[in-house]
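*Asks:* Take a look at the following structure, please.
Readers should treat all values here as calculations from the given coordinates under stated rules, not as data from a laboratory. This one's a predicted model, so the numbers in the text were calculated from it and none came from an experiment. For neighbour counting, all protein chains shown are included, and Cβ atoms are generated from backbone atoms with ideal geometry for every residue, glycine included.
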Amino acid sequence: MIISPYTSWTGDALHGRSHVLTPVWIRLDNLFPRPDGVPRHVIETGLDLTGAVPARLHGRFPSVDGHWCGVIDYEINYADGRRDQLHLKDQLVPFTALRRRD
């Protein structure tokens, strides 16, 4: 697990500590933009990199130019509707692709 200087914790040393998870949405279209003018080739068994999916924010890092990246865990669905998902842990994602989930 990536621990950032901004990771929040719950619990204590005696009973155990765990990082606080903040629910967010990740906009996959922002994270994986398709360049203009590139033809779309559908692969039915591929990953669905469109729309927004739920994610869990548990840390953050500033970049040298003042932008922020969140450390998040999230899942990506397959386009063919199967129940399996690609589980991604400790991914650095720009805050521009994230929004708070209520």
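*Asks:* Residues in segment 1-8: is at least one of a type in the set (Val, Ile, Thr) and touching an Asp or Glu at 6+ places or on another chain (Cβ under 6 Å)?
*Replies:* yes
*Asks:* Out of the residues in segment 60-85 that are assigned to a loop (DSSP other than H, G, I, E, B) and basic (Lys, Arg), state the one that is surrounded by the fewest Cβ atoms within 10 Å (Cβ to Cβ).
*Replies:* 83
*Asks:* Restricting the first residue to segment 65-88 and requiring it to be touching a residue at least 12 places away in the same chain (Cβ under 8 Å), which pairs with a second residue that is in a strand (DSSP E or B) and among the β-branched types (Val, Ile, Thr) meet a Cβ separation below 6 Å and a spacing of at least six or different chains?
*Replies:* These pairs meet every condition: 70/93; 72/93; 74/26; 74/53; 86/76.
*Asks:* Mind checking which residues of segment 60-81 are hydroxyl-bearing (Ser, Thr, Tyr) and either under 14 Å from the mean Cα position of the chain (by Cα) or within 24 Å of residue 1 (Cβ to Cβ) (or both)?
*Replies:* 63, 74
*Asks:* Counting just the residues of segment 7-59 that are of a type in the set (Asp, Glu) and either surrounded by 11 or more Cβ atoms within 10 Å (Cβ to Cβ) or assigned to a strand (DSSP E or B) (or both), which one comes out nearest to the chain's Cα centre (by Cα)?
*Replies:* 29
*Asks:* Moving on. Confirm whether residue 36 is touching a strand residue (DSSP E or B) at 6+ places or on another chain (Cβ under 8 Å) and of a type in the set (Asp, Glu).
*Replies:* no
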